[in-house]
Amino acid sequence: MANLDDLCTTHVEAARADPHGRSAELIVRDGFLRQSVIAMCTGTELAEHNSPHAASIQVLTGRVLVTSLGERDVEVAEGHLQVLTHERHAVRALTDSVFLLTTVTSVGQQDGPERGV
């Protein structure tokens, strides 16, 4: 079981030492579910990218801004959880920040009995 406090400390230190101001680690991989801890230094941005089938961001320390096309920008503060847009989006650290990114990477077809009309 991952200790999120320890991961925050480790990854914010690694982000501060990284020339790109980031550090990340995949901590859960279970079927289609992925959870990653991502640390970013103030002003660092994850460039605009496509959204997975489903995703949320939970800020463990700091504050981030999620920007997206077609929707309003959302500031997410420490202790808050935000469902991510299904549109292309970017994430920028407003302060040194660490967040837990939860994603569903694929959606399988449900197998089941055919239903008649």
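Would you mind finding the longest exposed-site-free stretch of the chain, with exposed GluC sites (Glu not before Pro) meaning DSSP loop and at most 12 other Cβ atoms within 10 Å?
Longest run free of exposed loop sites: 1-70.
With axes computed from alpha carbons, what is the tilt in degrees of helix 4-17 against the longest principal axis of the chain, rounded to the nearest 10 within 0 to 90?
Result, in degrees: 60.
Could you give the longest part of the chain that holds none of the trypsin sites (Lys or Arg not before Pro) found in DSSP loops with at most 10 neighbouring Cβ atoms within 10 Å?
Longest gap between qualifying sites, sites excluded: 1-71.
Which entry in (i) 25.8, 82; (ii) 27.2, 84; (iii) 16.1, 62 matches Rg and Dmax of the Cα atoms in Å derived from the coordinates of this structure?
(iii)
When the Karplus curve 6.51 cos²θ - 1.76 cosθ + 1.60 is applied with θ = phi - 60°, which whole-Hz ³J(HN,Hα) does each residue of the stretch 27-37 get, with x for Gly and Pro?
Taking θ as phi minus 60°, the curve returns 10, 9, 9, 9, x, 8, 7, 9, 10, 10, 9 Hz for the stretch 27-37.
Given Cβ point charges of +1 (Lys, Arg) and -1 (Asp, Glu) and nothing else, what value in debye, to the nearest 20, does the dipole of the stretch 4-104 about its Cα centre take?
180
Read the figures in this text as sums done on the coordinates, not as results from a lab. None of these values were measured; they are calculated from a predicted model. Positions of Cβ are generated from backbone atoms using ideal geometry, with glycine treated the same way; all protein chains shown enter the neighbour counts.
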